[in-house]
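Engineer: Okay, handing you the structure first.
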Amino acid sequence: MLAFILAEANESGVPESTEEVTDTVVSSITGIWESFLERFPYIVAGILILLATGVVVAVAKRVVGKVLAKRSLRESLRELLIRFLTILLWFAGLLIAAIVVFPGIDPAKALGGVGLLSVAVGLAFQDIFENFFAGILLLWRFPFESGDFIECEGIEGKVEDVQIRMTQIRKTTGELVVVPNSFLFKNPVEVLTDREFRRVHILAGVGYGEDVEQSVEVIRGAVESCHSVEGKEPTQIYPKAFGSSSIDIDVAWWTSSRPGDVRKSRGEVITAIKRDLDKAGIEIPFPYRTLTFAEPMKMERAE
């Protein structure tokens, strides 16, 4: 059987004996090992360059962070500049390490290879790069910062961290939501804490038999007496509509923009309005129902 295989190998131009095959394998492995030993100093130099790059990046981030902290730049812009600097330094370090490990590569060829590689990677990881560039635009345009409360497509919560690819949002109910930056970039985002104060609305109602002007003044006094109501902004109390069983009055005031403060202020205002309307003897009606029958009902006196 072995003779048959060797005969076939001989006809195809392959070495005739197992010794020749062994010699070929050994010589190939030896050549690889010798080539590795020749490249070993370059590989060590490349590793050292990468380690030095890591040290330079750490020092540069600390120094630049301190310099930018002294300037009147918003936090998101400082973070974006530091990230750009980090990417630039690592790119330069990797490029120098590649040229050292492979001496035949010049900067032009390396940059060309990086360009081709970036196109291939971009096509393969399109969603990741979409979120990456969306994160850069979010940090650059400054729609919100870490600590702001936002609402986007039913997701409402506090922004804990804006990263390059995703944003972490802590919902008011406690859950952590990791949102791709492209989602925030493509959809309307409501920044609830963009201003220190925001206006809150509730609807109050008084009976049809009550004096509407008096009711408005009582409600105004109740709202303005609350500690959570911002006195520098106007309180607006206006009759709004004829409700099914009451005169509807629109009540609007300003309070702290944080969701917890809004809920607290709403509860305080409702309690104050109920208390003052009761003191003034003004009715807060519940729904009335008038029943109409096709035929008169017979009334009988119970004995």
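Only the coordinates and a few stated rules stand behind these numbers; no lab work does. None of the values given here were measured: they were computed from a predicted structure. Note: ideal-geometry Cβ built from the backbone for every residue, glycine included; neighbour counts use all protein chains shown.
Engineer: Under a point spin-label approximation (7 Å from Cα along Cα-to-Cβ), what is the Ile43-Lys274 distance to one decimal in nm?
Structural biologist: Going by the 7 Å Cα→Cβ label model, 7.7 nm.
Engineer: Please compute the modelled spin-label separation between Lys298 and Tyr208, points set 7 Å along Cα→Cβ, answer in nm with one decimal.
Structural biologist: 3.3
Engineer: To the nearest 0.05, how large is the calculated FRET efficiency for Arg199 and Gln163 if R₀ is 25 Å and r is the Cβ-Cβ distance? Each step should come with its number before you reach the end.
Structural biologist: Values: r = 33 Å, r/R0 = 1.30.
Efficiency for this residue pair is about 0.15.
Engineer: Taking only the alpha-carbon atoms of region 197-279, what semi-axes of the equivalent ellipsoid follow from 5 times the gyration tensor eigenvalues under a square root, in whole Å, largest first?
Structural biologist: Details: eigenvalues 100, 30, 24 Å².
Over the Cα atoms of region 197-279, the semi-axes work out to 22, 12, 11 Å.
Engineer: Oh, and also: Please compute the length gained on full extension between Ser244 and Glu145, using 0.36 nm multiplied by the number of residues separating them and subtracting their Cα-Cα distance. Mind dumping the intermediate values first?
Structural biologist: Numbers: separation 99, 0.36 × 99 = 35.64 nm, distance 4.49 nm.
Net length gain for the segment: 31.2 nm.
Engineer: Work through the residues other than Ile169 whose Cβ is under 11 Å from its Cβ and net out their charges, Lys, Arg +1 and Asp, Glu -1. Mind showing how you got there, number by number?
Structural biologist: Working: positive: Lys158, Arg170, Lys171; negative: Asp148, Glu151, Glu156, Glu160, Asp161, Glu175.
Taking every Cβ under 11 Å from that of Ile169, the sum is -3.
Engineer: Let me ask something additional. Restricting to Cα atoms and excluding each atom paired with itself, what does the Kirkwood estimate give for region 246-301 in Å?
Structural biologist: Working: mean 1/r = 0.0650 Å⁻¹.
In region 246-301 this quantity evaluates to 15.4 Å.
Engineer: Sorting Phe242, Phe102 on the 10 Å Cβ count, fewest up front, what's the list? Each step should come with its number before you reach the end.
Structural biologist: Working: Phe242 10, Phe102 13.
Fewest-to-most Cβ neighbours within 10 Å comes out as Phe242, Phe102.
Engineer: Two-decimal Rg/Rh of region 137-191 from alpha-carbon positions, Kirkwood Rh? List each step's numbers first, then the result.
Structural biologist: Numbers: Rg = 9.9 Å, Rh = 10.9 Å.
Looking at region 137-191, the ratio lands at 0.90.
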